[in-house]
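Notes to accompany the following structure.
The values are calculated or read from the model by the stated rules, or taken from the named source; none is laboratory data. Keep in mind that what you see is a predicted model, and the values were worked out from it rather than measured. Here the Cβ positions follow ideal geometry from the backbone for every residue, glycine too, while neighbour counts run over all protein chains shown. Accessible surface areas use protein heavy atoms only, side chains included; no ligands, DNA or RNA. Shrake-Rupley method; radii C 1.70, N 1.55, O 1.52, S 1.80 Å.
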Amino acid sequence: LAAGSREEKMANLVEATSQKDFEEFLAKAGKCLTVVHFHAAWAPQCGQMNEVMAELAKEHTGTTFVKLEAETVPEVSEKYEISSVPTFLFFKAGEKVDQLDGAHAAELTKKVQRLAVSGGPAGAAEAPDLNERLKKLINAGPCMLFMKGSPQEPRCGFSRQIVGLLKEHNIQFSSFDILSDEEVRQGLKTFSNWPTYPQLYVNGELVGGLDIVKELAESGELENTCPKAVSLEQRLKSVISQSPIMLFMKGNKEEARCGFSRQILEILNGTGVDYDTFDILQDEEVRQGLKTYSNWPTYPQLYVKGELIGGLDIVKELKESGELVSVLKGES
């Protein structure tokens, strides 16, 4: 009860039980950010995300956070094509500006921080310029594909075809899902003066869409235009050597996603030696490839100067024998 009454006291955390409620909340918020959580009582992850939203509401008092049970208010859910819970929609001046599918607390926090600042009356000066953001995204990799969905799961026929062409010609590329960010989706059309997706960029310059990539493939110029994929072995060597001390783990320094990874972080943090991490849950190719490459079947794995030291048990032994710091510094 106490938690409920605490939530009710927050004027910017509200529940919409009808289409009328929903429209009134949007109208009342005006140009300020409104975050709508489409949730379901039967989904435990929605409950967790409501807690995250309550925390964000305390921090962002100028933003309105609306909880809406998707199945109870079908008119709104259908209008915005909500197909799963939790889904978050972001509105400004009554218009949808962004969307987030799934229970991703860190991503939700990031989007709220970015959108609450940009376009808010007080924070307008601090808003990161959209063009700067687009430039960074376009240059995030030597070959960047802006598409609907991901290479593993394209969400439209044109995106599926362009991914197929790039893979067939062994082109290494990074991608950005424009369905995950409405601001980028609309902004890039103007920025590049190209009205449709997918869009392919090489070294920050627009190559074009599917038709142009098809022409380049047919004329044999695609390989010269785009960087070739490196072999998995070259990629693993490069990742292992990114930093003098590399820890391959489940999760990252801020949030370990398994007990063994958590324990090894505690030991390494206790040494005071600087190290970097790689989250194998984010990259299935590295996760499987590294087991074969290092001939070590489990994670975490610790490398110093490109050489495998071992997993948690070996790191524990080195700590107990007092050798860990000198091994990390590459002295023994």
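Assorted remarks:
- Exposure rank, largest accessible area first [Asp177, Asp101; 1.4 Å]: Asp101, Asp177
- For the stretch 140-225, the Kirkwood estimate of hydrodynamic radius, built from reciprocal distances between every pair of different alpha carbons, is 12.8 Å.
- Percent of Cα-Cα distances greater than 28 Å, calculated over the chain: 57
- Length added when fully stretched, Thr109-Glu323, from 0.36 nm per residue minus Cα-Cα: 73.0 nm
- Solvent-accessible surface of the stretch 234-329, taken per residue with a 1.4 Å probe and all protein chains present: 55 Å².
- Look at the alpha carbon pairs under 8 Å that are at least 6 residues apart: their mean separation over the length of the chain gives a relative contact order of 11 percent.
- The stretch 140-225, relative contact order in percent, only Cα pairs under 8 angstrom and at least six apart counted: 35
- Once the C-beta distance of Ser243 and Glu78 is scaled by a Förster radius of 30 Å, the resulting FRET efficiency is 0.05 to the nearest 0.05.
- Residue-normalised accessible area of the stretch 140-225, expressed per residue, 1.4 Å probe, Å²: 50
- Spin-label model distance (nm) - Ile314 vs Glu59, 7 Å beyond Cα toward Cβ: 3.8
- Value of [θ]222 nm, deg cm²/dmol, for the chain, DSSP H segments ≥ 4, -39500 (n - 2.57) each, nearest 500: -13000 deg cm²/dmol
- Here the accessible area is traced with a 1.4 Å probe on the protein chains. For the stretch 13-116, carbon and sulfur cover 51 percent of it.
- Exposure of Thr196 as accessible area (Å², to 10), given a probe of 1.4 Å and all protein chains: 80
- Under the Karplus curve 6.51 cos²θ - 1.76 cosθ + 1.60, θ = phi - 60°, whole-Hz ³J(HN,Hα) for the stretch 67-78, x wherever Gly or Pro sits: 9, 9, 6, 3, 7, 7, 10, x, 4, 6, 4, 6
- Length gained when the stretch Glu23-Gln45 is fully extended (0.36 nm per residue, less Cα-Cα span): 5.3 nm
- For the set Lys167/Lys305; Lys136/Lys189; Lys92/Lys136; Lys110/Lys237; Lys167/Lys253; Lys135/Lys250, the pairs lying more than 26 angstrom apart at their alpha carbons are Lys167/Lys305; Lys110/Lys237; Lys167/Lys253; Lys135/Lys250.
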